[in-house]
Structures are given as structure tokens and as C-alpha cells.
Amino acid sequence: KPTSSVQQSAGVRYGYSSLWRYNLSGVLQGDGSGVRAIEIVPVGVCYSGSLEGIDAIAHIRGLGVLAACKQSGTAWYLPRLPGGTLGEPSILRLPFSFRNAHISDIVVLPQYAMANEVEVLVLSSLWREDMYGHGAMRLAKLLLKVKFGRWHLHDHHPQSAVELDAADGLPIENMESMALVSTREGKSRLLVISNSGGGGCQRTVLLDFAIELYPKRDWLVDATPHTSPQKQQEQEVCGPQSDSGFERASSRFWEPPRGANLIGASVFAMQGDHTPHATAIKASHQASHKHSNNSNQTHAAKSWPKSCAGHFAHGSQLHSLQKCTKGPPRFHSNLRLNFINGTGPQKWPDTQRARNFALLMEGLSATVDSDTQITKLGARQLHELGFAYGRRYAPHALRALTARSMPVNISVASVAAFFTGLHEASHALVPIPVALIVEPRLAATFAPPEDFAAAHAHSDTQIALHLLRKHADLIGQLGIHYSGSTPKDFMDAAFRLHDCMQVSYCWGKMWAWPRELQQSAVRTELSKLLLQYVKQRNEIRLNSGLTRAETMTRAVLREAFSRAENGGIHVYSGDEQMIFALHSALQLPNLTNLPLASHLTLELYEDIRGDKRVAVLFNGELQQSRLCRFKLCYPEEFLPEAALLPMHSSATAGFLLGAVAGIIMLLTAVL
């Protein structure tokens, strides 16, 4: 949370490089009786056409001053002359590894400073092109030494330079300054100030790293952020947001046994980081429900704010979350739009401007000024996900053949980011443009109108009422009443409130909320309430004998399995409704949370005998479906009535090496 002043703690040096960024092109020196300016940078050298100059400066005790310009890849050394004055500056070219980096600060290691050799730590901001999101930090050691009478900067153990990320996954950029501090235990701590998202976003982050320094060998053995296990666990709801997070996500992918031949795969990918939804809902009818009391309650649409910021505390410095993020970059997805006109039971406002879908596939009209739009970080999450799947499938010589998306901006942009990563991993995966099918006639789970109507024939009012009574204390704490037509109105609005809280939490903005709603327990209970609602709603048994989730997903699962059998990669882009319904229909273990950019995948394998099995992955990890005897399923265990061919294997312990039992068929109906 921003503060009006920063108090200096004992033993900590706060060096704000920003003090040198406004109309300054020199360094001040003096002996206490006065100061004089030494001009070392002609105006405009650091920033073309700008007055900004030095962005990092460090004092080398007894030797002089070292300064660096953020963008030009140039530094200056001013030697200390007899009498305490500074000599003329010497221009130092930074090593090549820093030419494209933005130098944020320099810290001299006094214990390693000698008359002709000085070791310094250099902190730089990495932007890594537009696709890679919010950037990161790079910490490296340089050696300032005399050679042939001139000072030079050299990389010092360049292989030991590390990239630093915030442990809680907060996007970071604009590193302003750093300080190296020793603790009482004799360990080194690196403090870094990140001042991100100006113009109303109001976020300043103090990052705390533990490091170990060694002068004569690999110097950075440990550079790990300090964080509590509880904080790390909570961050799972936000999906990966940093390099280390993406690496952890990729490492979770299940590895199939040797001898298993991957035939095809269908990937269901959920949207990633996005701008918050509007929290007010439109009332479909105003009639009172028999379980409501209109004397002391108001309709949910009237009692909920229209925007996420409407929930913030009175007098909050933050007026809009949209100011705290950026729009995605241009995509290179190798997709072409196949928009199929039609109307269905669900209304899709984005289809009123269907031409935007073609532009969104290139990232040309994406914006974060509106609700429910993909952000730069969200694009990176899907891009990294596509890249991970690309590396997974490239060795199997698969090709991307089909793609589907919900008819909403964020889903279209998400699948474009996914395909950009897929194509980047291997051009052979997407050799020709793939048709992206967008069909407004279908529901959020790609269910046709008849399945949607059958699934919604049974009321879920009693489920909503039971949960609202069970969590009455939470409802009272939220301070928002429900009634009007049905309790479902409140549940719909509660999903939007949860999304608003999730975005605020993932962006480090919970400080803008009323104090009583900032506690993690509130978000946890609200999430638990909604997960229970979704689970019980999806498990409603219809007159057909199928559950609601099975009815809503049978068409898309039939298609997904059929396409996987024919080979290739098939991608479906949707929201949490799609993942919830698939998770329930496939009877996977209970969900405790659903991180952003979650994905559920069906992979079809075959062994040398022609026996086939299906692997169900959730966020890369192999799942045990309750429909199956083993972790890798026989296809007929999903659809016993659709077994068209006899089984060829009697495996008793799952997917044995070289024996992938069972036969995959078209799977013409899910359950």
C-alpha cells in the first residue's frame, strides 16, 4: 500500500534512483562548505529527446563514483583525486549482456573493493519483448578493473547471474533501487523497490531476497524470495505469474511410460489473468420468490455495485483496477476465424461486434479498458501454456488441426495466445493456419441448445438456499442482501464478487477493500461456497439418468474423443464453467481451487500391439477418474454401452510399460 513517507530503518540504505531521473544530468560533490556540479552526460544521451539521465549511481569508498544510464548501455567512472575532488568521467561500455537491459541500480561490494579492482552488483529490468508479460529482474556481478591505464567493466561469473521474481507472483517492473543488508545471523539480504503501474494504480512493492556471495567462485548460490508457506498456497488461485511459476507449472506435466505412442490430444484451456467482471447483474424478473422477504431485502441487481471498484473502501486511493494492467501484445497465432452465425439459449454481447474476433486473433483490438478482457499477463499465461504443450507434443510429430472458442473476446484472445506459444515451440505443429470455430448457438460448455434446455429443466434453488443459510455469517459480512426473483441471482452476483476479489488479490490490491473484507478467510469461505454450489449443481440427476454436467458436456466430449482418435491436437478455449462441468462429468477428484489458466486434457495413447488407453490430465497432472479402474482408462469405462471392439489386454495394474490396454473408439456419447 502506498504511503506518504518512508521511514529509514537502522542499517538499511534506501537509495532511490528516481531522485536522479528528473532533469538531472550530473553528479554533485562537496566537502560540506559547498557543492559543484560536474556535467558527465550531455542532455539526450540516455534518453533521446529527453532530459532524463542517470538512473543508477554508487559511491566507491576512497576510489570515486560509478554511474550508469538506464537505456544506452553506458556507464561512467569518476575517480577520486587527491584532496577529495572528482576527476573527469571515463566512459565505460557495459558488457553485451546488459545492452538490452534497463539498469535500475548499482551496489558496490565494499569488502571486495581494491585499488585496481572493484566488484559491483547490477540490478536490471528485463522486458523480454512484449509477449513475455510484466518483465523480471536480473541480478549480476560486474568487475570494474584497470587495464592499460583505463577502467573497464567486465562480466564476473556471468553464468551465475540470476533472474529474480516476486515469490507471491505479483507482476513486477520498474525496479527503482536495491540495498544489500547483513542480518544479525551474518546472512545477506537483498531489498529491491519495485514501483509499478503509475497513473492511479498505486503499487509499491518491497521485495526481500536471501543471497549468498562468494568472491572467487559462483557467487550467487541462493537467491530465493522470502515468503510464508501460507502465502505460497494462497497464490495457487492466480495461476503462474513469474518465470519460476511457469517452470513449476511445466514440471508438473505427467510423463507417459516408455513405448506409449501418443495418437492425439484434446486440450480444454481456461482463460488466464483478466480485467474484473462487472459485479451487478440484470434482473430477468421482479416477481418475489416464496423463500424471500421483500420487506427487508432488495434485488441483487440493485444492491451490488456495477463495477469491481464499487466494492472498494470509501476514500480509497484506487478508483479502477483497469489502470493496474496492460493490454496484450500482438499475437502470431496462425489462426483463421470461422464464425458460424446462429442464436442459442445464452446471450453473447461480444457477438454484436463479431468482426472484432478476427482482430483479436492478432491482438489488434484487445483492450483492458473494459470488463472481462485479457491482460498482458493473461496472454503470457496462455502463451506459456501453449509453448509447454508444444514442447510436449512436438516429439510425437502431431499437428494442430482444430480449435474452438466461446464467442467472447477473452476466449478468442486466449486461444490466439495459446496457438502463438504452440507455433513458437515448433512451427511443424501449426504448419498452416488452423480454423478457429466460434459458434454463438452453443453454450459455455459447447453444449447444443437441446442439451442446455435439458440440463436447466431442474431448478437449483434449493441448493442455493441451503448454501446461503449455511454461510449466513459470510453473507452478512459481505453486507449485500439477496432476494428479488431467486437466490440464483445472488449466486450469479457472488461469482462476480469472487472474481473481483481474486483479481484484486492477484494484483496486490486487497488493501483498497474495506478492512473487514481484506482477510484471506473471507475469500477462502466465499470460494468454498461457490465451489460447493457448482459441485452440487453439476451433480443434479436429470430425468434422463444423466447428471447436469454429463448432459452439458456429452457433445463436446464426444467430439473431443473422436478427434483425438483421428490424431492431431485439438484446442477448446472457455471459462471456468467449461472446466467445472468437464471435471464433474469425468468424475475427477474434488476441486479445492481453480487457478487461472487451468487446463484439462485428454490424451490418447497406443502401444505396439494396438491397445489404447486415455490419460486425463488436469493442470498437467494425471488424474484418477472414478469411472476407471486404473489411472489410465479403458475407453469403454467412459462409455460401456459404446464398446464396439473387444479388448486385447488384461492389464491388472494400470498402464504397464509396453502394454496400453483397451480400445479407443469414437465415444459417441459420454455417459
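The values are calculated or read from the model by the stated rules, or taken from the named source; none is laboratory data. Just so it is clear, the model here is predicted, and its values are computed rather than measured. Methodologically, a virtual Cβ is constructed for each residue, glycine included, from the backbone with ideal geometry; neighbour enumeration extends over all protein chains shown. Ligands, DNA and RNA are stripped out before the accessible areas are found, and what is left, the full protein with its side chains, is counted by its heavy atoms. Shrake-Rupley method; radii C 1.70, N 1.55, O 1.52, S 1.80 Å.
For Gly508, which of the numbered conditions (1) under 30 Å from Thr325 (Cβ atoms); (2) open to solvent by 50 Å² or more (accessible area, probe 1.4 Å) fails to hold?
(2) is the only condition that Gly508 fails.
Quick check on Ala417: is it farther than 23 Å from Asn566 by Cα, in contact with a Gly (Cβ under 9 Å, 6 or more places away or on another chain) and open to solvent by less than 40 Å² (accessible area, probe 1.4 Å)?
Criteria met by Ala417.
Quick test of your reading of the structure: Thr445 fulfils all but one of (1) closer than 14 Å to Tyr572 by Cβ; (2) surrounded by fewer than 18 Cβ atoms within 10 Å (Cβ to Cβ); (3) hydroxyl-bearing (Ser, Thr, Tyr). Name the failing condition by number.
(2) is the only condition that Thr445 fails.
Condition (residue is at pLDDT 90 or above, more than 29 Å from the chain's Cα centre (by Cα) and open to solvent by 10 Å² or more (accessible area, probe 1.4 Å)) applied to segment 526-539: is it met by at least one residue?
Of the residues in segment 526-539, the ones at pLDDT 90 or above are 526-539.
Pick out the ones that are also more than 29 Å from the chain's Cα centre (by Cα) and you get 539.
Keeping just the survivors that are open to solvent by 10 Å² or more (accessible area, probe 1.4 Å) gives 539.
Yes, the conditions are met somewhere in segment 526-539.
Only one of (1) open to solvent by 30 Å² or more (accessible area, probe 1.4 Å); (2) at pLDDT 90 or above; (3) of a type in the set (Asp, Glu) is not met by Glu247, so which one is it?
Just one mismatch for Glu247, condition (2).
Can you tell me which residue among Ser459, Ser520 is at pLDDT below 90, open to solvent by 30 Å² or more (accessible area, probe 1.4 Å) and closer than 30 Å to Gly378 by Cα?
Ser520
For the list (1) of a type outside the set (Phe, Trp, Tyr); (2) open to solvent by 50 Å² or more (accessible area, probe 1.4 Å); (3) touching a residue at least 24 places away in the same chain (Cβ under 8 Å); (4) assigned to a helix (DSSP H, G or I), I need the number of the one condition that Glu550 fails.
Answer for Glu550: the failing condition is (2).
For segment 400-484, please list each of the helices (runs of 4 or more DSSP H) lying entirely inside it that holds at least 3 residues being under 23 Å from Ala280 (Cα atoms) and within 28 Å of the chain's Cα centre (by Cα).
409-425
Among the candidates Pro256, Pro240, Pro158, single out the residue that is modelled with pLDDT of 60 or more, out of contact with any Pro (no Cβ under 6 Å at 6 or more places or on another chain) and either among the β-branched types (Val, Ile, Thr) or buried (at least 21 other Cβ atoms within 10 Å of the Cβ) (or both).
Pro240
Please verify whether Asn590 is in contact with a His (Cβ under 7 Å, 6 or more places away or on another chain), under 30 Å from Ser411 (Cα atoms), open to solvent by 10 Å² or more (accessible area, probe 1.4 Å) and at pLDDT 50 or above, treating the condition exactly as stated.
For Asn590, the condition - in contact with a His (Cβ under 7 Å, 6 or more places away or on another chain), under 30 Å from Ser411 (Cα atoms), open to solvent by 10 Å² or more (accessible area, probe 1.4 Å) and at pLDDT 50 or above - is not met.
Of all residues in segment 576-600 being in contact with a Ser or Thr (Cβ under 7 Å, 6 or more places away or on another chain) and in contact (Cβ under 8 Å) with a residue 60 or more places away in the chain, which is nearest to Ser527 (Cα to Cα)?
Restricting to residues being in contact with a Ser or Thr (Cβ under 7 Å, 6 or more places away or on another chain) and in contact (Cβ under 8 Å) with a residue 60 or more places away in the chain, the top hit is Asn593.
Regarding Ser504, is this residue out of contact with any Ser or Thr (no Cβ under 8 Å at 6 or more places or on another chain) and not in a helix (DSSP H, G or I)? Quick ask: steps written out before the conclusion?
Values: out of contact with any Ser or Thr (no Cβ under 8 Å at 6 or more places or on another chain): yes; not in a helix (DSSP H, G or I): no.
It is false that Ser504 is out of contact with any Ser or Thr (no Cβ under 8 Å at 6 or more places or on another chain) and not in a helix (DSSP H, G or I).
In segment 462-501, how many residues are among the polar types (S, T, N, Q) and modelled with pLDDT under 85?
The qualifying residues number 3.
Let me confirm something: among Arg563, Arg629, which residue is outside any helix (DSSP H, G or I) and open to solvent by 10 Å² or more (accessible area, probe 1.4 Å)?
Arg629
Just to be sure, is Thr325 closer than 17 Å to Met510 by Cβ, in contact with a Leu (Cβ under 6 Å, 6 or more places away or on another chain) and modelled with pLDDT under 90?
no
Among the candidates Leu557, Leu526, single out the residue that is aliphatic (A, V, I, L, M) and more than 19 Å from Phe446 (Cα to Cα).
Values: Leu557 fails: more than 19 Å from Phe446 (Cα to Cα).
Exactly one residue qualifies, and that residue is Leu526.
Do the conditions hold for Leu497, that is, is it of a type in the set (A, V, I, L, M) and surrounded by fewer than 22 Cβ atoms within 10 Å (Cβ to Cβ)?
no
Consider Ala354 carefully, then state whether it is among the small types (Gly, Ala, Ser) and closer than 21 Å to Thr325 by Cα. Lay out the reasoning, then the answer.
Numbers: among the small types (Gly, Ala, Ser): yes; closer than 21 Å to Thr325 by Cα: no.
Criteria not met by Ala354.
Identify all residues within segment 313-359 that are open to solvent by less than 50 Å² (accessible area, probe 1.4 Å), touching a Phe, Trp or Tyr at 6+ places or on another chain (Cβ under 7 Å) and not in a loop (DSSP other than H, G, I, E, B); write none if there are none.
Listed by number, the residues that qualify are Leu321, Cys324, Leu335, Phe357.
Return the total of residues in segment 571-603 being outside any helix (DSSP H, G or I) and small (Gly, Ala, Ser).
Quick first cut of segment 571-603, residues outside any helix (DSSP H, G or I) only: 571-575, 586-603.
From what's left, small (Gly, Ala, Ser): 573-574, 597-598.
The number of residues fulfilling the criteria is 4.
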